[in-house]
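**Q** This is the structure I have questions about; it appears just below.
The values are calculated or read from the model by the stated rules, or taken from the named source; none is laboratory data. Just so it is clear, the model here is predicted, and its values are computed rather than measured. Here the Cβ positions follow ideal geometry from the backbone for every residue, glycine too, while neighbour counts run over all protein chains shown. The accessibility values were calculated without ligands, DNA or RNA, using every heavy atom of the protein model including side chains. Shrake-Rupley method; radii C 1.70, N 1.55, O 1.52, S 1.80 Å.
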Amino acid sequence: MSRPGAAPDVAAGVRAAFPDLCRRIVAEIDGVLAAIEPDQVAALVEAILAARRTFVYGAGRGGLVMRGLAMRLMHLGLPVAVVGEMTTPPIGPSDVLLVNSAKGAGPTIEAIARAGRAAGATLAVITAQPQAAVPALAERVLVLPAQTLADAEGSRSFQPMGSAYEQALWVLCDALAALLQTALGQDAETMRARHTNLE
């Protein structure tokens, strides 16, 4: 039974729209990534390499991406913790707190950012809103210029809500991992050996 208001032949519509839709999404991600300032990427890579430990945080879909980055940092042999996990150690000087804050503001993320700074950690922020409250606290800011919930719907993307930002964030974090891998001289087998064997 079809949903009220659904097209009579959904399959035909999907077959017609899917290839072009995927091309549009990929093109949009490419445009967002091309607008990132490489110097900001280099500064973040250097901060992670110099850190005693890296703590990552993000909420919602962006939070899932940050957990994926934490996994890759672990595979690279870098000490990493996900903020909010029961095993998260105390943060302090020589640590980096890397947060994803697409909107650049919010009570929870602002409180976490301030707590990290108060403990002496370096605050690094990935955001689409560099003038907002959380980036204003940071020593390192990486601007990912895509539509978020802070923007009017359709103002910067044909996709809904923050989809373009979250998609580009995933590619950015995988690129960060690849850059760190090169800087550390790690090969794929060394990284694979650190992967969990409890799956």
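**Q** So with the 1.4 Å probe, I'd like the accessible area per residue for the chain, rounded to whole Å².
**A** Ligands and nucleic acids excluded, the result is 55 Å² per residue.
**Q** By how many degrees, between 0 and 90 and to the nearest 10, does the Cα long axis of helix 10-34 differ from the longest principal axis of the chain?
**A** So the inclination is approximately 40 degrees.
**Q** Under a crude label model (7 Å from the Cα following the beta-carbon direction), how far is T87 from A178 in nanometres?
**A** That separation, rounded to one decimal, is 2.8 nm.
**Q** Now for a separate question. Please compute the length gained on full extension between D20 and Q131, using 0.36 nm multiplied by the number of residues separating them and subtracting their Cα-Cα distance.
**A** Full-extension gain reported as 36.5 nm.
**Q** Would you mind telling me which residue in L97, L180, L169 has the biggest mean-square fluctuation in a Gaussian network model of the chain, where springs connect alpha carbons within a distance under 10 angstrom?
**A** L180
**Q** Leaving out ligands, DNA and RNA but keeping every protein chain, what accessible area does S163 have, in Å² rounded to the nearest 10, with a 1.4 Å probe?
**A** 20 Å²
**Q** Ignoring any ligand, DNA or RNA, what whole percent of the accessible area of the stretch 80-189 comes from carbon and sulfur when the probe is 1.4 angstrom?
**A** For the stretch 80-189, the apolar C and S fraction of the accessible surface comes to 58 percent.
**Q** Taking H placed 1.01 Å from N in the peptide plane, check which residues at least 5 places from V80 or on another chain put their amide H under 5 Å from its amide H.
**A** T54
**Q** Hey, another quick one. Does anyone have the angle between helix 38-50 and the longest principal axis of the chain? Alpha-carbon axes, 0 to 90°, nearest 10?
**A** Tilt relative to the chain: about 40 degrees.
**Q** Could you run the Karplus curve 6.51 cos²θ - 1.76 cosθ + 1.60 with θ = phi - 60° over the stretch 174-190 and give me ³J(HN,Hα) per residue in whole Hz, x for Gly and Pro?
**A** Each residue of the stretch 174-190 in turn: 5, 5, 4, 4, 5, 5, 5, 4, 5, 5, 8, x, 8, 9, 4, 5, 5 Hz.
**Q** Something else about it: To the nearest 10 degrees, how steep is helix 60-75 against the longest Cα principal axis of the chain, on a 0 to 90 scale?
**A** With rounding to tens, the tilt is 50 degrees.
**Q** If you don't mind, another one. On full extension of the chain, what length is gained from R117 through E37, given 0.36 nm per residue of separation minus the C-alpha to C-alpha distance?
**A** Between R117 and E37, full extension yields 26.4 nm more.
**Q** Rounded, prolate or oblate: which one fits the stretch 112-191, using the alpha carbon gyration tensor with axes a ≥ b ≥ c (rounded when a/c is under 1.5, else prolate when a/b beats b/c, else oblate)?
**A** oblate
**Q** Can you work out ³J(HN,Hα) from phi for every residue in the stretch 152-169, in order, using Karplus 6.51 cos²θ - 1.76 cosθ + 1.60 and θ = phi - 60°, giving whole Hz and x for Gly and Pro?
**A** Per-residue couplings from phi come out as 5, 4, x, 6, 10, 7, 7, 8, x, 6, x, 4, 4, 5, 5, 5, 5, 4 Hz.
**Q** Taking loop as defined by DSSP and a crowding limit of 16 other beta carbons within 10 Å, which trypsin sites (Lys or Arg not before Pro) in the stretch 1-99 fit?
**A** R52
**Q** For n ≥ 4 DSSP H runs only, could you compute -39500 (n - 2.57) per run for the chain, divide by its residues and tell me the 222 nm figure to the nearest 500?
**A** -16000 deg cm²/dmol
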